[in-house]
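Read through the structure below, which is laid out as C-alpha cells, and then see the notes.
Throughout, read-outs are computed from the coordinates displayed, never taken from laboratory work. Bear in mind that the values here come from a model prediction, so they are computed numbers and not experimental data. Methodologically, a virtual Cβ is constructed for each residue, glycine included, from the backbone with ideal geometry; neighbour enumeration extends over all protein chains shown.
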Amino acid sequence: MIGSWSLIAGVVLLLLLVAVVMKGWLAARQFEEPTRTPRELEEMETCPEGFVSKTFSRADWEFVRGLKAERIERLFQQERKRVALVWVRQTSAMIRKVMREHARAARQSHNLEFATEVSILSQFLTLMAVFGILSVAIQIAGPLWLGGLAHFAQRLSQQVRTMQESFQAGVLAKSQGSANGLAAR
Amino acid sequence: MDVPDNRAAVEGAYDDLLRRSLSKIKGDLARLIYVASTRDYNTGKYHHDGLAARFQAEIAGQALEMAHREIFHRLAECSLRELVGEVEIYVSSSRQSREEILEVWQKLEPYRVALPVDVNVAAAQLFVSNVKLALAILCRRQERQAMEEPAS
C-alpha cells in the first residue's frame, strides 16, 4: 500500500516538474525575437555592460515596493520577467552563433588542440544548461533572485566568446602564414 | 573625405547639436523624442536643416544618430526612480494636459518609435518596460492626488 502511494506521489511530482519546465519553455518561446539575418546579428549592438546588474538587481524592486501599490508590483514582476527572458534568449542565440563560427574555423584548422576543444565544448554545454535553468527559474521565481546565476552565465559567455576570437585569429594567422610561404616558394 | 576627417567633422556637428539644440531641451526623454523626430520613418535617415546648413547633410545625419544612441543608452541605464523623474519632466514641460499625455502614452506607446536602429534587443526591451512602469507610477500618483483633493 505504502509502495503504491509513493509511486503515485512520485508520478504527481514528475508531472508537476514537467508542467513547470513546459511552462518555462513555452514562455521563453513566446519572447523569441524575430528571425534576423546573420548580417543583422553582426550589426546589432552587444548587450550593455551594466544590463545584467540592472535587470537582475533588487534596487528598482525596492523602489516599487515602497510605493505600496499591488498593481504596480505585479506589473514590475511581469515586465522584468519579460526583459530577463529576452536577455536569456539573446545571449543563448549569440553563444550558439559563436559555436557555429568556432566549428567553421575548426574545420579549417590543421592542428586542433584536444584540450582546448574539450574546454570550449564543456563551457558551451554548461552555458546551455545554465540558460535552460535560468529560463525556467525566471518563469517560476522572477529574475530578482537569480542575479548570481545570470552574472555567472554572462562571465562564461564572455569567456567562450574571447576563446573563440583568439582561436579564429590563430587559424587566420596560420593560414596567411602558409599562403605567404607558398607565394615565396 | 577620409575617415579621421569625417570623424572630426561628425564630432564637430555633434558638439554643435548639443550646444545649440539639445542643451535647451529639458530632460533626456524629451531630447530622445526630439532627436528621434528628426529621423525619416521611411528611410531611417536623420535630417536637421540648421545642422545640415552648417555641416554637410550626411555629417549632420551621423551626428544626430550618435546623439540618439548616447541619449538612449543614458536612459536605458538609469534607475526606475530616475526614469519616473524623466517622464515627469517631459509631461510637465509639455503644452498638452498631463492626463491626456499619460493616457495617450499608455495606449499608443509612442516611445517605441523613439528607439535607435539596431540597438540591443534586451536593452530596448528594458527601456520600453521601464517607461511603461514609469507611466503606471505617474498615473497612480495622479489618481491619489485626485482622491485627496476633494477631501482637502
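Take the cross-link list A:68/B:24; A:68/B:26; A:97/B:45; A:81/B:107; A:97/A:174 and give me the ones stretching past 25 Å between alpha-carbons. Provide the component values of the computation, followed by the final result.
Values: A:68/B:24 36 Å; A:68/B:26 30 Å; A:97/B:45 30 Å; A:81/B:107 22 Å; A:97/A:174 23 Å.
Violating the 25 Å limit, Cα to Cα: A:68/B:24; A:68/B:26; A:97/B:45.
Give me the dipole magnitude in Debye, nearest 20, for the protein assembly as shown about the Cα centre, with unit charges on the beta carbon: positive for Lys and Arg, negative for Asp and Glu. List each step's numbers first, then the result.
Working: 43 positive and 39 negative charges, 154 e Å.
The calculation lands at about 740 debye.
With neighbour counts taken as other beta-carbon atoms within 10 Å, the residues A:87, A:145, A:5 rank, fewest first, as A:5, A:145, A:87. Counting only whole DSSP H helices of chain B, the ones at least 24 Å long by C-alpha along their axis and with mean Kyte-Doolittle hydropathy no lower than -0.5 are B:57-77, B:121-151.
Show me B:41-47, A:147-153 ranked by packing, highest mean number of other Cβ atoms within 10 Å first. Before the final figure, lay out the partial values.
On the way: B:41-47: 11.9, A:147-153: 16.9.
My ranking of the peptides, most packed first, is A:147-153, B:41-47.
Starting from the Cα-Cα distance between residue A:140 and residue A:180, subtract it from 0.36 nm times their residue separation and give me the gain in nm to one decimal. If you can, show how the numbers build up before the last one.
On the way: separation 40, 0.36 × 40 = 14.40 nm, distance 5.70 nm.
Additional length available on full extension: 8.7 nm.
Peptide A:53-60 has a mean of 3 when you count, residue by residue, the C-beta atoms of other protein chains within 10 Å of its C-beta.
Taking every residue in B:80-89 and counting other chain Cβ atoms within 10 Å of its Cβ, the average works out to 2. The Cα atoms of region B:7-65 give a gyration tensor whose axes a ≥ b ≥ c have a/c of 1.5 or more with a/b no greater than b/c, which makes the shape oblate.
Please arrange A:122, A:109 by how many other C-beta atoms lie within 10 Å of their C-beta, fewest to most.
Details: A:122 10, A:109 15.
Going from sparsest to densest Cβ surroundings: A:122, A:109.
Given the -39500 (n - 2.57) contribution per DSSP H run of 4+ residues, what per-residue ellipticity at 222 nm results for chain B, rounded to the nearest 500 deg cm²/dmol?
On the way: 7 runs with 111 residues, N = 152.
It comes out at -24000 deg cm²/dmol, rounded to the nearest 500.
In this Cβ point-charge picture (+1 for Lys and Arg, -1 for Asp and Glu), region B:1-84 has a dipole of about 400 debye about its Cα centre. In plain terms, the chain from residue B:104 to residue B:42 could stretch by 20.0 nm, reckoned as 0.36 nm per residue minus the Cα-Cα distance. Each Lys or Arg adds one and each Asp or Glu subtracts one; over the other residues with Cβ under 10 Å from the Cβ of residue A:138, this totals +3.
The charge dipole of region B:48-139, taken about its Cα centre with unit charges on the Cβ of Lys, Arg, Asp and Glu (plus for the first two, minus for the last two), comes to roughly 120 debye. Counting Cβ atoms of other protein chains within 10 Å of each residue's Cβ and taking the mean over peptide B:113-125 gives 6.
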